[in-house]
Amino acid sequence: MTADQTPPHPYRTGAAATAPSTGTLGRTAFLVAIVLVVVDLLFTVGTTIMVPLGGPGIYSLYSVLHLVRGIIGILLAAAALVLGVMAARRGAQPVLAGIAIGVGAVHVLGILIVWASTGIAGLLIGG
């Protein structure tokens, strides 16, 4: 061995080898976002049909369904957002992860705005 060559080191140095990402986390985040959109669409269509066809007590049921929609929506949106961020940080399907982040973030923001405006209106009206 010459002076400019270094002897082979018995221990591995540098970054550990990682397996190439298959992108399942990105796909999962995207699928959660799709389920979020479908559930939201079903609630919207269902309540739109329900209100004109319902009787006098339909608004109580509408309020309960609206609350359930918000809770399910915020859970799915948070899941899509968290999974999307995790997938984007790992580089797993970055386009699908980005779509999941966008859908989740917009949905969380929308629900928070609706809840805040409902709360403020309740305070102002005195209900």
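Table: residues versus (1) of a type in the set (A, V, I, L, M, F, W, C); (2) exposed (fewer than 11 other Cβ atoms within 10 Å of the Cβ); (3) modelled with pLDDT of 85 or more.
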site	(1), (2), (3)
THR47	no, no, no
GLY57	no, yes, no
ILE74	yes, no, yes
ALA77	yes, no, yes
ALA88	yes, no, yes
Of the candidates GLY110, GLY102, GLY122, the one satisfying the condition of being modelled with pLDDT of 95 or more and either part of a helix (DSSP H, G or I) or among the β-branched types (Val, Ile, Thr) (or both) is GLY102
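The values are calculated or read from the model by the stated rules, or taken from the named source; none is laboratory data. Worth saying up front: this structure is predicted, and the values here are computed from it rather than measured. Quick reminder, even Gly has a Cβ in these numbers, built from the backbone with ideal geometry, and neighbours come from all protein chains shown.
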